[in-house]
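Colleague: My questions all concern the structure below.
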Amino acid sequence: HPSVLPMRVIDFRPPRQPKVLYPNDPSGFFNYGVTWTGGSPGDAESLEVTGQVGARLGDFLFLSDAAYSRTPLDERLVRLSTNVTRDWREEMQRLVLGDLTASSGDLGTGVNLGGIGFSKVYRIDPYFLRYPLANVGGMVSLPSEAQVYLGGTRIRTEKLPPGQFELKNISSLGGRNDVTVVIKDPFGREQTIRYPFYFAEILLEKGLHEYSYNVGFLRRKFGEESNRYGPIAFSAFHNYGVSDRVTLGGRGEGTADGGNLGPQAAFRVGDAGIVALSFAGSARRDGRLGAAGEATHSFQGGPVSTRISLKGVSRDYAVAAEEGRDSTDRVRHEVAAGASYGTPRMGTFSVDADFFTRYAGSDRRTVAASYSRTIGWNVTVLGSFRNVREGETVNEVTLGVNYYPGTDQSLSANYREAGGVRNETVQARKNLPVGEGWGYNVSVERMDSEALSSTAVNPSVQYNARFGSYAAEYRGERIDGGGEIGIVRLSAYGGVAFVGGAIGFTRPITDSFGLVSVGGLEGIRVYYNNQEMGRTDGRGNLLLPSLGSYFENQISIADKDVPIEYSLREVLKVVSPPLRSGSRVPFGVKRFQAVTGTLGSRRDGEWKPAEYVEVRLPAEGKEIAFPTGKGGEFYVEDLG
């Protein structure tokens, strides 16, 4: 019987690259940005300078950044954040000492702290899927073929021996999808297994934990003052996958003046969507109590998606970051709902409604509808209507068309009318390349209202050079029957990187970076994920300023650029660097040298060729053996 035969397990997780480099080189970098703004009116002149320094030693990363600004009315130098980060890659855990940001969830607030944070961070492994995946099992009594379909598209074909089988870890984008397995035996008979499954990233796979615990001093006036810290505060949450259908957890935050704490849960309702619930109670030092709660349901299946959420907050509900917040102005109730339907042929139509009340001030009600569709030739049309009632009623209508002539180019025209103000905009754009090259954006906007009419032009251009990135922008506005305004903005961005004993200038380093070396050869093209990034310099080096931390970055060189007298060991490497680090990526090349000649011996004054003998020659610490031929001729390679 098939039940007593061995089980065949087929894992659908994407396979990892077989040869991946995990460097951990000592490295450092410095990023800078300078922006000057000037023009008319005269008080528009300003200067902004930003800087960031980073250094990695082993598993520890140090980061610090600051900003300087000068205007005719003010001059300010502000330290933004400084911290040390330690990641445990295998466990996907992160420890941060210093300035950090934390959030406990929707019933809390985001806070800036100066302290310590310890978290489970699944994006440390970007290929790890933390949410439940579909598993399908069965048994066959004859050798069979299984065709696996996801949402009607065949994703795999497998041969099954007699016995039990299990198809594990079938993944899909969020929402309801059908996993269908069609099994054919040698006699042409078919068996179909249909398994509807709801994929939800909000859930955790059974047995997985997700958490973040943070405590420190509350940062005040971040971005305005360098070292202003307030009372001690905490922010934390912890979720656990009880099963593939249910995730339970808790959250809380607060200061010595008050805080909140409560449970939260998310569960899958069959294949009908996800329900999330959260409740919290709070207490203040003066004895006032508060409460808050939220319930949401979301569904996505094929062309249909829906959402609905209910939230209520009491007047005295306490949160951690309350500086500058007026408790009487907080939202009392909030109800939101929306639905959309979209297919490639029909386009996408969506409706949304939001309503909330405040303890003081005006309530707000918003109803919106939108439609978009690609009509062919890379042309997309869109339109929307929105009605907002907050004290007075405002209707907003938007119409637009977008055309994409190339992979990195777009043309668009838009019309918008709201509250008696009409705007027409035409825009042309070319995206910046990943490596060296140009990008630009040009727009013309016309605005008309009962009180004012104007025309504005806004061209900008940016060039990614080898050692930096440079941008220029102009915005000119002409007011009908009035004056003109013209603003010019010039910017320069760059970085200095250190790794492997080499220092180089480059474009800003926004994540990790790499130093590619090709044996001292100049002019060798280097590619990052199949996009050309530049050529090696006179020392055979090229800095890549944009590697993805923890991703498997494919770095290759053009072997046709390597002179024929050199041999290459490999032309492609896969590199997975840690967070904000520099990595050495050497490509070994060796100069090919050959020697040919005639070998013989002289005895009693007579020279005779040494024919058909084996010669052993010590060279560079090793012994090279080669034969001779007729007349003593020989040929030997790689003598150095």
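The values are calculated or read from the model by the stated rules, or taken from the named source; none is laboratory data. Model, not experiment: these values are computed from the prediction. Protein only, heavy atoms only, side chains kept; ligands, DNA and RNA dropped before computing areas. Shrake-Rupley method; radii C 1.70, N 1.55, O 1.52, S 1.80 Å.
Colleague: Just by accessible area at a 1.4 angstrom probe, what is the order of VAL585, VAL304 from largest to smallest?
Modeller: Most to least solvent-accessible, the answer reads VAL304, VAL585.
Colleague: May I have the pair-distance distribution P(r) for the chain, computed from all Cα-Cα distances with 20 Å bins from 0 and rounded to whole percent?
Modeller: 13, 35, 37, 11, 4, 1
Colleague: Seen from all sides and averaged, what is the projected area of the convex hull of the Cα atoms in segment 485-640, in nm²?
Modeller: The directionally averaged projection comes out at 15.2 nm².
Colleague: Could you state the accessible area per residue of the chain in Å², with a 1.4 Å probe and every protein chain left in place?
Modeller: Here the residues of the chain average 54 Å² of exposed surface.
Colleague: Sorted by accessible area (1.4 Å probe), largest first, how do ILE485, ILE564, ILE193 line up?
Modeller: Reading off the accessible areas and sorting them downward yields ILE564, ILE485, ILE193.
Colleague: Leaving ligands and nucleic acids out of the surface, order TRP377, TRP607, TRP88, TRP438 by accessible area at 1.4 Å, largest first.
Modeller: Highest to lowest solvent-accessible surface, that is TRP377, TRP438, TRP607, TRP88.
Colleague: Regarding segment 88-168, what is the average projected area of its C-alpha convex hull, in nm²?
Modeller: 9.0 nm²
Colleague: Jot down the radius of gyration and Dmax of segment 332-439, Cα atoms only, both in angstrom.
Modeller: My reading of the Cα-based Rg and Dmax gives 18.1, 54 Å.
Colleague: One-quarter of the Cα convex hull surface for segment 1-152, in nm²?
Modeller: Working: hull surface 73.9 nm².
Over every viewing direction, the Cα hull of segment 1-152 projects on average to 18.5 nm².
Colleague: Now, a different point. With a bin width of 10 angstrom, please list the P(r) values of segment 438-543 as percents of all Cα-Cα pairs, from the 0 bin to the one holding the largest distance.
Modeller: Taking every Cα pair in segment 438-543, the percentages come to 13, 31, 21, 15, 12, 7, 1.
Colleague: Give me Rg over Rh for segment 550-601, both radii from the alpha carbons and Rh done the Kirkwood way, two decimal places.
Modeller: A ratio of 1.27.
Colleague: Over what distance in Å are the Cα centres of segment 70-119 and segment 385-406 separated?
Modeller: Each part reduced to its Cα centre gives a spacing of 36 Å.
Colleague: Round to a whole number: what % of the accessible area of segment 149-289 belongs to carbon and sulfur, probe 1.4 Å? It would help to have the intermediate numbers written out before the result.
Modeller: Details: 4010 of 7150 Å².
The value for segment 149-289 is 56 percent carbon and sulfur by accessible area.
Colleague: Restricting to Cα pairs below 8 Å that are 6+ residues apart, what does the relative contact order work out to for segment 363-459? Please round to a whole percent.
Modeller: That works out to 16 percent.
Colleague: Taking amide hydrogens as modeled 1.01 Å from N in the peptide plane, which residues meet the under 5 Å criterion relative to ASP244, leaving out close sequence neighbours?
Modeller: Sorted by chain and number, the residues that satisfy this are LYS206.
Colleague: Quick one: Cα centre-to-centre distance for segment 543-568 and segment 159-204, in angstrom?
Modeller: 39 Å
Colleague: Given 25 °C and 0.890 mPa s, how large is the Stokes-Einstein diffusion coefficient of segment 227-365 in µm²/s, with Rh as the Kirkwood radius over Cα pairs? Working shown, then result.
Modeller: Details: Rh = 17.4 Å.
Approximately 141 µm²/s, per Stokes-Einstein.
Colleague: Just read off the accessible area of LYS120 with the full protein assembly in place, 1.4 Å probe, to the nearest 10 Å².
Modeller: About 40 Å², ignoring ligands and nucleic acids.
Colleague: OK, next. To the nearest 10 square angstrom, what accessible area does ASP25 show with a 1.4 Å probe?
Modeller: 40 Å²
Colleague: Quick one: P(r) of segment 366-514 from all Cα-Cα pairs, 5 Å bins, percents rounded to integers, in order of increasing distance.
Modeller: Computed distribution, short to long bins: 2, 8, 12, 13, 14, 13, 13, 10, 7, 4, 3, 1, 0, 0.
Colleague: Moving on to the next point. Semi-axes of segment 164-285's equivalent ellipsoid from the Cα gyration tensor, sqrt of 5 times each eigenvalue, largest first, rounded to whole Å?
Modeller: Its equivalent ellipsoid spans semi-axes of 47, 15, 11 Å.
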